[in-house]
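Here the structure is laid out as structure tokens; the discussion comes afterwards.
The values are calculated or read from the model by the stated rules, or taken from the named source; none is laboratory data. These numbers come from a predicted model, not from an experiment. Glycine gets a Cβ as well: all are built from the backbone with ideal geometry, and neighbour counts include every protein chain shown.
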Amino acid sequence: LALSTAERWAAARLLAPRPFALLRRLGMARPLISESAPVRSASAAVLFCPLKSASAFDVGRRMLRLWLEVEAAGLHLAPMSASADDVRVRTAIERLHGVAAERRLSNVFRVGRMDDTAVAVSPRLPVGEYLV
């Protein structure tokens, strides 16, 4: 996550099990961890539904290709993997959107435009500093 120093400090304390349990009891946890604002601000959602018979390798290859092609078109994808990981949510999405029986929901992405200034700077060392 691209968090500032203050955000990292606050998250380390507030998201620890004991403080978070208290926040949940007080009704303050949901706003703290909610992703509803970014989801609502997305231009669209993309359901990635490969064939059930596809190998894990092929599913990953196709998903990466989709992601790169969408990014090359000037859009930004953000995965919402929990939507596909949770069986109840996945089943509800598949039914709601009529996913064919031979396919499975593998991932959900929110998609939209993003200005260049919103891209987080990577904390990793530049490649030139560790490759000879």
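Screening segment 46-72 for residues that are loosely packed, with under 15 Cβ neighbours inside 10 Å and small (G, A, S) and picking the one that is farthest from R90 (Cα to Cα) gives A72. When the residues of segment 33-85 are filtered to those that are under 13 Å from the mean Cα position of the chain (by Cα) and among the aromatic types (F, W, Y), the one that is modelled with the highest pLDDT is F48. Quick check on my filter: what residues within segment 1-57 are outside any helix (DSSP H, G or I), farther than 30 Å from A101 by Cβ and of a type in the set (S, T, Y)? Within segment 1-57, S4, S34 qualify. Look at segment 79-92: where a residue is surrounded by 12 or more Cβ atoms within 10 Å (Cβ to Cβ) and a partner is aliphatic (A, V, I, L, M), sitting 6+ places away or on another chain with Cβ atoms under 7 Å, you get M80/V108; S83/V89; S83/I93; S83/V108; A84/L105; A84/V108; R90/A84; R90/L105. Quick check: is even one residue across segment 92-109 under 30 Å from L3 (Cα atoms), modelled with pLDDT under 95 and in a helix (DSSP H, G or I)? No: zero hits.
Scanning segment 28-45 for residues that are out of contact with any Gly (no Cβ under 6 Å at 6 or more places or on another chain) and surrounded by 12 or more Cβ atoms within 10 Å (Cβ to Cβ), which turns out nearest to M114 (Cα to Cα)? So the residue we want is P38.
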